[in-house]
Each structure stands twice: as structure tokens, then as C-alpha cells.
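Input: a single structure, listed below in C-alpha cells.
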Amino acid sequence: MGIKGMKYEEFKDNESLELLRESGTNVLLTTIDDVINWGRKSSLWPLTFATSCCGIEMMMTGAPRHDFSRFGMEVYRASPRQADVIVVAGTIVNKMAPVLKRLYDQMSEPKYVVAMGACAISGGPFFLNSYSVIKGVEHVIPVDVYVPGCPPRPEALLYGMLQLQRMIETETIHSRRERVAKNNSK
Amino acid sequence: MEENIKEIVVGEQEDYVINMGPQHPSTHGVLRLVVTLKGEIVKNVEPHIGYIHRGIEKMCESITYPQIIHLTDRMDYLSASINNESVCLAVEKALEVDIPDRIKVIRTIFSELTRIQSHQLFWASYGMDMGGQTCFFYGLRDRERILDIFEETTGGRMLISYNCPGGLMYDIHPNFQKRVKDFIKYFRKVLPEYDAILTGNVIFTSRTKGIGHLSLEDAISYGVTGPSGRASGFSCDVRKHEPYSAYDRVKFNEVLYTEGDTFHRYLARIEEMRESMNIIEQLIDNIPEGPYAVKMKPIIKLPEGEYFQRVETSRGELDTFVISDGNKNPYRIKFRTPCFVNLGVLNHITRDFKIADLIAIAGSLDLVIPDIDR
């Protein structure tokens with residue numbers, strides 16, 4: 001239901017307004033979405049969460065050559081309550097999985113997950129024969145962006161984070177709410 | 001344990017147990033330390049390991065020897081090239097292959113470059129643990145130059161998997177020698193900056209000098225190797241005592257101190273960077289001509305028996321022990337990794353120091369957690 005084909009009386013009608021909000025065509029709301037999204041994507045604060053080799057490449061991304069902070073991501077947070085995005089950098093094993101899940105739960109909405117490296121995507125070099133490695137971090141927490149590599153180059157991580165920014169740009173309040181509901185139901 | 005219970009019964013103040021990690025920025029990974037405190041004084045540190053245990057040793061039993069090389073990269077990822085070398089040397093020893101000089105020299109140069117970049121990262125992250133953000137930028141800026149050299153020759157930045165049983169994966173890049181010489185020229189100029197920022201810093205020295213003392217007897221009985229052991233006067237450099245590759249043809253000093261405190265463990269690493277540069281300088285101009293790999297059989301089968309190889313990684317002594325039953329994969333392979341052994345001493349040297357010193361002491365051991373858990 002578009003905004004143009006609406007009758008005057010229906011503007012005062014609360015039920016119709018709810019309908020309109022759900023379809024997400026309200027001028028005011030979309031503008032607010034734009035502003036919020038711009039704010040969110042320009043200050044993505046990652047959690048310092050590194051389990052193995054990919055963590056070093058994540059550090060190198062923050063280092064002078066590849067300067068993470070050009071895109072507003074330089075503030076690594078040690079506490080999950082202050083972080084927006086968790087970059088799962090490295091292998092997750094059975095003993096670590098509950099800790100990762102708890103860290104994810106402790107983060108406040110909106111929260112995003114980037115699976116960095118082959119281990120976080122699928123178990124990588126430890127996919128076969130290993131008795132303790134989780135075969136992909138998506139078995140534990142929902143993932144937004146996958147960055148392949150073993151370990152990925154800093155440029156690859158930067159590209160992945162820029163893709164995450166693009167994803168945030170297209171969000172609306174409703175899509176965000178749906179996303180949260182979907183993640184919680186998992 | 002009994003002591004604790006007694007104290008609670010008489011109604012004195014209970015010990016305070018604090019949990020550091022597994023996700024903690026200063027443990028450099030997923031090490032969990034359960035620290036028992038009395039006020040601010042550390043009474044007991046209990047490391048909980050296994051948060052990154054991937055079962056590499058078990059996996060090795062079901063894959064072939066050339067495949068094992070790639071898993072050893074992921075143990076101590078900061079000395080990846082040296083880890084590769086240890087398995088290669090063990091396999092070559094078992095097969096009694098003669099390795100040409102060219103391969104030995106190139107392997108040594110790569111090992112020393114790996115050692116420098118590892119100590120640079122140590123310097124960067126240790127400085128950050130001590131509250132100096134500048135160290136992080138300076139150290140990693142210079143580390144990128146070594147990674148460039150690696151990348152040009154091997155195509156990989158960190159986990160290069162350059163060694164393989166019988167030699168090297170490919171020949172060195174034509175620019176390699178020039179690049180390495182440029183780097184050494186640059187790094188000799190930059191290294192005094194490192195000293196100026198951190199080594200002579202009043203805040204840094206007062207936080208590290210006289211803290212976490214490890215005596216020579218304890219270093220030997222705990223088996224602490226690498227720069228951490230040598231800071232206590234334990235002469236344990238495998239490169240000196242049991243030379244492999246091209247270490248028998250270069251002159252270098254084993255960095256030894258007798259103080260054994262946190263500051264000297266740090267200083268040993270800085271000095272080792274200088275020694276590594278000396279070694280590279282002696283070798284870089286006279287890399288012998290020859291093949292870069294010996295022709296090996298497509299499927300490598302070790303003769304039945306037990307094989308042992310020691311190498312010196314940037315953290316200490318890495319021992320590879322292979323038991324073969326004549327198949328293409330080992331019956332059992334055991335890695336004696338330096339970090340696991342060095343972690344054992346943590347409880348001993350942090351006792352009766354403040355909790356803030358725990359960060360300084362644990363950082364000075366330069367632990368890499370996947371190396372502990374494997």
C-alpha cells in the first residue's frame with residue numbers, strides 16, 4: 001500500500017497507519033532509518049575476540065598500513081556490552097563454543113557477526129579428522145558476512161567489513177525487528 | 001587448598017577468586033587464568049587450557065607427511081616457518097636425504113626473518129599491554145615489511161608453508177636478496193627507536209624491573225626455554241648447542257642475562273632481533289647456487305623407527321618426535337611446544353606480586369595460545 005493512493009480519512013486511522021509502517025513507506029520513518037543507519041555503519045566497534053592466527057591479521061588490519069579507523073572501526077572494545085560487531089577470528093572448538101554464545105548474548109542489539117577465515121566458516125583445515133573443532137561458527141551464532149581465507153588478508157577483512165556496512169545501510173526498523181526475532185528463535 | 005579452608009573456618013577474610021579470560025585482551029588469545037587473590041596480592045594462578053585445542057597431533061596420524069607441514073603452521077603461527085622446518089628436518093633425517101647448501105641457507109634466512117617478525121609483534125603487543133599505544137603502531141609498521149618479503153617469494157603473508165620435505169616449495173624471488181638487505185638497513189635504523197620508546201621509559205622499567213623473578217635453577221627444572229629461559233641465564237639455544245640447517249656456519253652470540261626478571265625477558269627479545277639481523281647479513285650475500293628442492297618420492301614413507309628433531313622457535317625449543325610404522329602417515333607424532341612448558345612457570349613467578357603485575361609477567365613469557373593447546 002503506497003502513500004499516494006491513500007484516502008484522506010485513512011490518514012487519521014491508526015490501523016491504516018500501522019499497515020503503512022509495516023510496509024515501510026513512511027517518509028519520516030525512512031528518513032530516520034537513513035540517519036540511524038548512517039550513524040551505525042560509521043561507528044562499527046568490534047569486540048577484541050581472536051582465538052588464533054586470524055587474530056593477528058585482524059591486528060594487522062588495525063595497524064598503520066591498512067588502517068581500520070578510516071571506516072570508523074578502530075575502537076576495539078574489550079567488553080561485549082560496548083561492541084557492535086563480533087569478528088570471529090579463528091577456530092572455535094567445543095570448549096570455546098559456549099563462551100562465544102555467551103559473548104554474543106551479552107552484546108546489545110543491533111549486533112552483527114563476521115566469520116573471518118576458513119575455520120570460522122567451515123572448520124577449514126580442521127574440517128576432516130578433528131574431534132574437537134566446530135564445523136562453522138554458524139552452528140553457534142548467526143553470521144552476517146563470511147570472509148574466506150586462511151588467514152584472510154587485511155584487505156579481505158576490510159572488504160568484508162565494508163560489505164557489512166552496505167548491509168546496514170539497507171536496513172529498516174522493520175527488517176531489523178524481523179532479524180532479531182529470527183535470530184532469537186534459533 | 002587445605003590452607004584456604006582453615007582460613008574460612010576461623011572467620012578471616014576469604015580469598016577472592018577472579019576469572020581472567022578466556023576472552024580477555026591481555027591474554028592474547030583464549031587462555032583462562034583463575035587467579036586467587038588476597039587483597040591485591042596474587043596467591044595462586046591456575047591456567048585452564050583447551051579453549052583452542054584442535055587435536056593437531058591426532059589429526060597428523062591420518063594424513064601424510066607433506067600435509068602435516070600445513071598443520072604445524074597453525075600451532076605457533078608467529079614462528080610458522082620454523083615449525084615447518086622441524087617436521088621437514090625430522091623427515092629428512094629419517095630418510096637420510098642430503099640437503100644442498102642452498103636450501104639450508106634459505107631456510108635459515110627465513111627462520112631468522114620469522115624470528116624478527118615474531119619479536120616485533122611481541123614488542124608491539126607487550127607495549128600495548130603496558131599502556132603504550134605507540135608501540136603497537138611502530139612494531140606492526142615494521143612487521144609489514146617482513147610480510148612483504150614473505151609474500152613476494154611464497155605468496156603467503158603469515159602462514160607461508162614454504163618448507164617441504166626435501167627442500168623448498170619454490171625458488172626465491174629475484175628481488176629477495178635486495179629486499180632483505182633493504183629491510184635490514186631500515187631496521188637497524190629503526191631499532192634504536194624501539195629502545196627509546198620502551199626500554200628506557202621510566203614507567204615501563206619501574207613496572208618490569210625486579211618483577212616476576214625466575215632463578216636459573218627454576219628455569220632449568222621447569223624447562224623454560226627460549227628468550228624467557230635465557231634471561232635467567234639458562235643457556236638453551238638449540239641453534240648453538242645442536243646446530244641444524246646453516247647455523248653451524250654463522251657466528252652469533254647467544255643472548256644471556258642472569259637477572260631473570262620481566263625486564264630482562266623483554267630485553268632478551270630485543271637483543272635477539274639484533275642477533276638475527278647479524279645472522280641474515282652473514283648469509284644473504286652468499287646464497288649458494290643449486291637446486292631449491294631434492295627430488296623426493298611422490299608418496300613419502302618413513303622407515304620403521306623413532307625420529308627426533310629439535311629446533312629453536314622464537315619462543316623456545318620445539319621438539320618433534322615421530323614414531324613411524326613404515327606407512328605414509330606417522331603412527332604417532334608428538335610436538336613439545338615451548339609455550340606449553342613456559343606457561344607452567346607462570347604460577348611460580350607471579351605468586352606474591354600484584355594483580356597488575358600478572359599482565360606484565362604473563363606478557364613477558366610471550367605465550368601463543370594455539371601453541372599451548374595444539
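The values are calculated or read from the model by the stated rules, or taken from the named source; none is laboratory data. All values reported here derive from a predicted model rather than from experimental measurement. Cβ: placed from backbone, ideal geometry, glycine included. Neighbour counts: every protein chain shown.
Just a few scattered comments:
- Residue ID - nearest to B:Thr205 (Cα to Cα), chosen from residues in the range B:130-155 that are within 12 Å of chain A (Cβ to nearest Cβ) and in contact (Cβ under 8 Å) with a residue 40 or more places away in the chain: B:Cys135
- If only residues of the range B:254-286 that are among the polar types (S, T, N, Q) and under 30 Å from B:Ile203 (Cβ atoms) are counted, the one that is surrounded by the fewest Cβ atoms within 10 Å (Cβ to Cβ) is B:Thr258.
- The lone exception for A:Asp34 - which of (1) more than 7 Å from chain B (Cβ to nearest Cβ); (2) surrounded by 14 or more Cβ atoms within 10 Å (Cβ to Cβ); (3) farther than 18 Å from B:Gly139 by Cα; (4) over 16 Å from the mean Cα position of the chain (by Cα) it fails: (2)
- Of the residues making up the range B:177-222, those that are among the charged types (D, E, K, R) and free of Cβ contacts under 8 Å to residues at least 12 places away in the same chain are B:Lys178, B:Asp182, B:Lys185, B:Lys189, B:Glu217.
Each row is one residue, and each column tells you yes or no for (1) under 16 Å from A:Thr61 (Cβ atoms); (2) in contact with a Leu (Cβ under 9 Å, 6 or more places away or on another chain); (3) at pLDDT below 90.
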{"position": "B:Phe137", "(1), (2), (3)": "yes, no, yes"}
{"position": "B:Ile149", "(1), (2), (3)": "no, yes, no"}
{"position": "B:Cys164", "(1), (2), (3)": "no, no, yes"}
{"position": "B:Leu168", "(1), (2), (3)": "no, no, yes"}
{"position": "B:His173", "(1), (2), (3)": "no, no, yes"}
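- Members of the range B:226-253 found to be charged (D, E, K, R), out of contact with any Phe, Trp or Tyr (no Cβ under 8 Å at 6 or more places or on another chain) and buried (at least 22 other Cβ atoms within 10 Å of the Cβ), listed by number: B:Asp237
- Hits in the range A:52-95 (condition: assigned to a helix (DSSP H, G or I), farther than 17 Å from B:Ser125 by Cβ and either without any contact (Cβ under 8 Å) to a residue 60 or more places away in the chain or within 11 Å of another protein chain (Cβ to nearest Cβ) (or both)): A:Ser69, A:Arg70, A:Pro80, A:Arg81, A:Gln82
- Within the range B:41-100, the set of residues being more than 14 Å from every other protein chain (Cβ to nearest Cβ) and part of a loop (DSSP other than H, G, I, E, B) comprises B:Glu96, B:Val97, B:Asp98, B:Ile99, B:Pro100.
- The range A:144-165: number of residues that are in contact (Cβ under 8 Å) with a residue 40 or more places away in the chain, under 18 Å from A:Trp45 (Cβ atoms) and out of contact with any His (no Cβ under 8 Å at 6 or more places or on another chain): 6
- Tallying residues that are in contact with a helix residue (DSSP H, G or I) (Cβ under 7 Å, 6 or more places away or on another chain) and closer than 17 Å to A:Leu47 by Cα within the range A:60-74 yields 9.
- Some residue of the range A:102-117 being within 14 Å of another protein chain (Cβ to nearest Cβ), part of a loop (DSSP other than H, G, I, E, B) and of a type in the set (S, T, N, Q): no
- Among the candidates A:Glu171, A:Glu178, the residue that is away from chain B (no Cβ under 14 Å), farther than 18 Å from A:Phe49 by Cβ and surrounded by fewer than 16 Cβ atoms within 10 Å (Cβ to Cβ) is uniquely A:Glu178.
- Residue match in the range B:292-300 (condition: within 15 Å of the chain's Cα centre (by Cα) and either surrounded by fewer than 18 Cβ atoms within 10 Å (Cβ to Cβ) or closer than 23 Å to B:Cys135 by Cβ (or both)): no
- Applying the set (1) touching a Pro at 6+ places or on another chain (Cβ under 9 Å); (2) farther than 23 Å from B:Met158 by Cβ to A:Thr172 leaves exactly one unmet item: (1).
- Within the range B:27-40, the set of residues being basic (Lys, Arg) and within 14 Å of chain A (Cβ to nearest Cβ) comprises B:Arg32 only.
- Residue match in the range A:131-146 (condition: surrounded by fewer than 21 Cβ atoms within 10 Å (Cβ to Cβ), at pLDDT 85 or above and at the interface with chain B (Cβ under 10 Å from one of its Cβ atoms)): yes
- Set B:Asp171, B:Asp182, B:Asp195, B:Asp142: member being among the acidic types (Asp, Glu), farther than 23 Å from B:Lys104 by Cα and loosely packed, with under 15 Cβ neighbours inside 10 Å: B:Asp195
- Those residues of the range B:156-203 which are within 14 Å of chain A (Cβ to nearest Cβ) and not in a helix (DSSP H, G or I), in sequence order: B:Gly156, B:Arg157, B:Met158, B:Leu159, B:Ile160, B:Ser161
- Within the range A:156-163, not a single residue is in contact with a Gly (Cβ under 8 Å, 6 or more places away or on another chain) and away from chain B (no Cβ under 14 Å).
- Flag for A:Glu155 being modelled with pLDDT of 85 or more, of a type in the set (Asp, Glu) and over 24 Å from B:Met20 (Cα atoms): yes
- Exactly one residue out of A:Ile168, A:Ile141, A:Ile121 is within 22 Å of A:Asn183 (Cβ to Cβ), in contact (Cβ under 8 Å) with a residue 40 or more places away in the chain, among the aliphatic types (A, V, I, L, M) and not in a loop (DSSP other than H, G, I, E, B), and it is A:Ile168.
- B:Tyr186 vs. criteria among the hydroxyl-bearing types (Ser, Thr, Tyr) and in contact with a Ser or Thr (Cβ under 7 Å, 6 or more places away or on another chain): no
- Conditions (1) away from chain B (no Cβ under 14 Å); (2) over 16 Å from the mean Cα position of the chain (by Cα); number of the one not met by A:Arg166: (2)
- Residues that are crowded, with 23+ Cβ neighbours inside 10 Å, farther than 18 Å from B:Val190 by Cα and of a type in the set (D, E, K, R), drawn from the range B:99-123: B:Arg107
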